[in-house]
Amino acid sequence: MKVARYYAPGDIRLEDAPAPQAGPGEVLLRVRNCSTCGTDVKIRHSGHPNMSPPQVMGHEIAGEIAGLGVGVAGWSVGDRVQVIAAIPDGTCEDCRAGRMTVCPHQLSMGYQFPGGFAEYTVVPREVLAVDGLTRIPEHVSFAEASLTEPLACVLNGQELARVGEGDTVVVVGSGPIGCLHVRLARARGAARIILVDVNAERLARAAELVHPDATVVSGEVDPVAAILEATGGRGADVVITAAASGRAQEDGVRMLARRGRLSLFGGLPKDQPMISVDANLVHYRELTLVGVNGSSPAHNKQALELIASGEVPVADLITHHLPLDRVLDGLDIVERGDAIKVTIEP
Ligand SMILES: [Zn+2]
């Protein structure tokens, strides 16, 4: 079979490999869709501390069960399933307290375990142990189901930032994650959603799909002034930075209304992690700054339900369907920002 394997920064190889087999407690998966994300581009250029090269990449995985290892119960060959990306151990103090997204022993598909840029991959027993395999409803396509994982992360972010009824929500960054944030905020009852991006063209394309109530081109106007003006001077209840930009995070603090919440959704480059915040704004206005680290198995199940029910449609966000031998083109397209979402169909 063909796989896309990471060896070192700048060195991802498309190569032939023997098809894997399901060992005891494991499930063999025929991968139907594995979507790409900004993290794959980051890994391509700089690797990742959790990556064990050489390794098959790809973590937004949906497919069909092709084989069952000894001792696997409750699943059949032919079942259509979605796989979690981040795998908590399920047993540590954080996991037992329900904080699976910050499990310090977290492992990941496509990092420590072979991922989904392959015709076949193995669902490890660690995934089954935390209920990380979910049946895809019949009317949901594999491509749509592969967006479950990014939507699950977006859901975790909006739960932590307490996005709800009547909120004015600012989403900074109009890539696939920003688009999912707009749609989820709408589904959660936000009253007004403003989408911000430095790039006017990218912003217009995203806005055409996800229909925010207003847009701000932060490359052309001061986004803080624009948000304050759009909210009658009050500011936003929630600002979500879906961009790897310290400047966007600093601006985000200044866009918030009293009791506002800033979600630092996008991480910063590891050599530039510092930002500058007026702590007195946080103090007197009772602001909350909140992080987010992936999603739990439960978030994945809820995210797939949101897709299946139509509350968060995703099919139209997938702008490119590519075969596995074009995975490097796919990563180029993601990097150039020419796509909303690129999905690979091995
Ligand atoms: Zn844990």
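Some values worked out for this structure:
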item	result
Distribution of pairwise C-alpha distances over region 102-204, 5 Å bins, in %	2, 10, 16, 18, 17, 15, 13, 8, 2, 0
Under Karplus coefficients 6.51, -1.76 and 1.60, residue-wise ³J(HN,Hα) of region 97-103 in Hz, glycine/proline x	8, x, 9, 5, 6, 10, 4
Label-reachable residues, region 287-308, where backbone N falls under 20 Å from a point 7 Å from CYS92's Cα toward its Cβ	291-300
Set of lysines with alpha-carbon distance to LYS270 below 24 Å, sequence-local pairs under 8 removed	LYS42
Folded to 0 to 90 degrees: helix 327-336 orientation relative to the chain principal axis, Cα	0
Placed amide H near ALA66: partners under 5 Å, 5+ positions off or other chain	LEU28, LEU29, ARG30, GLY78
D_trans [Stokes-Einstein, Kirkwood Rh over alpha-carbon pairs] for region 68-155, 10 °C, 1.306 mPa s, µm² s⁻¹	112
Tilt relative to the chain, helix 297-309 - C-alpha long axis, 0 to 90 degrees, to 10	80
Projected-area average for region 227-315 over all orientations - Cα convex hull basis, square nanometres	7.8
Sparsely packed trypsin sites (Lys or Arg not before Pro) within region 82-137, loop by DSSP, other Cβ within 10 Å at most 14	ARG99
Percent of C-alpha pairs per 5 Å bin, region 14-55, short to long	5, 14, 17, 22, 24, 15, 3, 0
Interchain or long-range residues, amide H under 5 Å from ILE87's placed H	LEU107, SER108, MET109
Nearest-20 debye value, the chain charge dipole, Cβ charges on Lys, Arg, Asp, Glu	480
Positive-end residue of LEU180, PHE117, GLY294, charge dipole of the chain with Cβ unit charges	GLY294
Spatially proximal aspartates and glutamates relative to LYS341 (Cα-Cα < 18 Å; intrachain offsets below 8 disregarded)	ASP40, GLU60, GLU144, GLU149, ASP197, GLU201, GLU208, ASP316, ASP325, ASP329, ASP332
Computed log₁₀ I(q)/I(0) - Debye formula, equal Cα scatterers, no solvent, region 272-315, q 0.34 Å⁻¹	-1.14
Given charges at beta-carbon only (K, R positive; D, E negative), |dipole| of region 1-157 in Debye	160
Cβ-based exposure ranking for SER174, SER276, in which fewest neighbours within 10 Å come first	SER276, SER174
Cα-derived Rg over Rh, computed across region 157-269 with Rh taken as Kirkwood radius	0.91
Burial order of peptide ranges 239-250, 68-79, 189-200, 38-49 (average beta-carbon count within 10 Å, highest first)	239-250, 189-200, 38-49, 68-79
0 to 90° range, to nearest 10: angle between helix 176-187 axis and the chain longest Cα axis	70
More than 31 angstrom apart: percent of Cα pairs within the chain	32
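Any read-out appearing in this document is the output of simple, stated calculations on the displayed coordinates, not a laboratory observation. Not measured: the values here are computed from a predicted model. Every residue, glycine as well, gets a Cβ built from its backbone with ideal geometry; the counts of neighbours run over all protein chains shown.
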